[in-house]
Amino acid sequence: MSLFHRSHPKDAGTATAAPEELSNGSAGTATADSAAVRPFHVEVPEERLAELRHRIEATRWPSKELVADRSQGVQLATLQALARHWAIEYDWRRFEAELNALPQFTTEIDGIEIHFIHVRSRHENALPLIMTHGWPGSVVELLDAVGPLTDPTAHGGTPDDAFHLVLPSLPGYGFSSEPTELGWENGPIAHAWAQLMDRLGYARYVAQGGDVGAAVTDAMGRQAPEGLVGIHVNLLAQAIGLKDQLPAESEQERAAHTALETFTTDGFGYFLEQSTRPQTIGYSLLDSPIGLAAWMLDHDTDSYQKISRAFVDDEPVGNLTRERILDNITLYWLTGTGASAARWYWEFGRFLAAAGAAGHAPPPVRVPVGFTAFPGEIWAAPRSWAETAYPGLAYYNAVDKGGHFAAWEEPELFSTELRAAFGALR
């Protein structure tokens with residue numbers, strides 16, 4: 001592979017054709033070959049892992065921050081603890097084996113090679129569900145929910161709670177190839193996901209997402225492709241644009257406004273950079289593993305504090321463990337997707353600006369919507385906020401634990417919420 005350009009997921013994995021390739025002539029205008037669904041296997045060369053460890057050990061460290069909190073950014077003690085574990089104890093091969101034990105595939109949709117995990121439940125009446133990750137996440141953040149969702153009887157549920165799972169990697173993330181042309185914001189991704197579900201033979205399904213995945217899932221609900229019968233999100237992505245329309249009467253509503261204001265004034269750094277200059281930060285993200293780790297950790301206060309506890313105090317919260325956190329960061333590093341993942345924010349920002357300039361209101365969501373508010377979310381949306389964004393909201397619940405990475409941190413609780421949210425649609 002070239003050391004300076006990543007254009008295909010095969011740089012860190014292999015996709016091989018098999019006799020059981022699937023082809024569906026109804027999938028848009030795709031040719032029979034491009035519509036094929038191919039098994040995918042991850043196999044990272046050992047020299048790539050050795051290079052990673054060398055780069056971590058060769059890090060040039062800044063001096064310690066001059067404050068006692070994270071107001072100047074990711075703290076030196078946190079990142080040095082992460083670096084020690086990453087360079088000495090972390091085992092990528094463990095995670096590689098975990099990935100390869102799952103049914104992984106790739107398929108080409110609209111010129112992008114989409115990587116996805118497809119786990120069918122042993123319960124044949126399971127409801128098909130496509131779940132979309134966010135940034136700075138990946139399919140890693142969804143993996144611990146696979147068991148509870150596909151095999152509910154082993155996790156306190158019944159056969160009627162089961163889902164067939166489709167977990168795609170966003171274009172430019174993980175093992176999916178990166179776009180080589182402009183235009184890959186929420187709408188085209190949502191359209192691609194509908195093609196994917198059709199290609200897999202699912203005539204009736206639901207969709208879920210958080211963070212970027214919430215925006216994509218929202219777009220799916222507005223497009224309402226044939227077969228989609230409901231959506232669930234755990235971040236109210238529209239809150240920034242709807243800020244002046246959101247109620248502020250109750251204590252909960254005022255607290256949500258305060259959290260939203262804090263984000264847009266003090267927690268907005270990564271968002272602003274990636275929505276305006278993703279290429280600039282991309283050089284650092286592709287050149288320094290510690291630079292990449294710092295950038296990914298500096299997302300929101302709640303998850304940062306939990307991740308810091310995991311490394312500094314060895315006290316993980318839920319499944320935000322050292323190993324899982326490094327699985328996610330290492331996936332970004334080995335696939336070289338720091339810059340291409342950041343470009344989604346640039347695409348989304350320009351899409352919103354163009355829609356605003358043209359005075360175009362988004363079409364209504366035309367399927368039932370479920371929403372779960374997790375207390376550690378960047379802004380935990382009250383019911384009134386969710387109903388403002390989604391009139392006729394079909395399901396709402398505020399739970400007592402969990403944060404921005406809800407499926408990752410609290411997979412059992414997250415799975416229980418999806419069972420409840422989609423229960424009426426079975």
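Reported count of residues in region 215-269, each being of a type outside the set (A, V, I, L, M, F, W, C), in contact with a Gly (Cβ under 6 Å, 6 or more places away or on another chain) and farther than 30 Å from Q72 by Cβ, is 2.
Among the residues of region 65-122, those that are over 28 Å from S176 (Cβ atoms), in contact with a helix residue (DSSP H, G or I) (Cβ under 7 Å, 6 or more places away or on another chain) and charged (D, E, K, R) comprise E65, R70. Close Cβ contacts (under 6 Å, 6 or more residues apart or on different chains) running from residues in region 308-326 that are surrounded by fewer than 20 Cβ atoms within 10 Å (Cβ to Cβ) to residues that are part of a loop (DSSP other than H, G, I, E, B) comprise R309/E315.
Filtering region 124-137 to residues that are farther than 23 Å from T330 by Cβ and either touching a residue at least 60 places away in the same chain (Cβ under 8 Å) or open to solvent by 30 Å² or more (accessible area, probe 1.4 Å) (or both) leaves E124, N125, L127, P128, L129, I130. Under the condition of being surrounded by 22 or more Cβ atoms within 10 Å (Cβ to Cβ) and in a loop (DSSP other than H, G, I, E, B), the residues counted in region 78-120 number 1.
For region 283-307, filtering for residues that are open to solvent by 20 Å² or more (accessible area, probe 1.4 Å), under 16 Å from I378 (Cβ atoms) and touching a helix residue (DSSP H, G or I) at 6+ places or on another chain (Cβ under 8 Å) leaves 2. With respect to L200, is the statement that it is open to solvent by 20 Å² or more (accessible area, probe 1.4 Å) and within 23 Å of E124 (Cβ to Cβ) true? Yes; evaluated as a whole, the condition is true for this residue. Only residues that are in a loop (DSSP other than H, G, I, E, B) and either of a type in the set (K, R) or more than 21 Å from the chain's Cα centre (by Cα) (or both) were counted in region 335-364, giving 7. Does W408 satisfy the criteria of being touching a Lys or Arg at 6+ places or on another chain (Cβ under 8 Å), of a type outside the set (V, I, T), in contact (Cβ under 8 Å) with a residue 12 or more places away in the chain and surrounded by 16 or more Cβ atoms within 10 Å (Cβ to Cβ)? Taking the combined requirement at face value, the residue satisfies it.
Of all residues in region 373-405, those satisfying the criterion of being under 17 Å from I307 (Cβ atoms), out of contact with any Ser or Thr (no Cβ under 9 Å at 6 or more places or on another chain) and surrounded by 21 or more Cβ atoms within 10 Å (Cβ to Cβ) are F374, E377. In the set (1) within 30 Å of A293 (Cα to Cα); (2) at pLDDT below 95, the condition left unmet by E98 is number (2). A single entry from T258, T265, T280 fulfils the requirement of being open to solvent by 50 Å² or more (accessible area, probe 1.4 Å), in a helix (DSSP H, G or I) and at pLDDT below 95: T265.
The values are calculated or read from the model by the stated rules, or taken from the named source; none is laboratory data. Worth saying up front: this structure is predicted, and the values here are computed from it rather than measured. A quick note on method: Cβ atoms are made from the backbone with ideal geometry, for glycine too, and the neighbour counts reach across all protein chains shown. Protein only, heavy atoms only, side chains kept; ligands, DNA and RNA dropped before computing areas. Shrake-Rupley method; radii C 1.70, N 1.55, O 1.52, S 1.80 Å.
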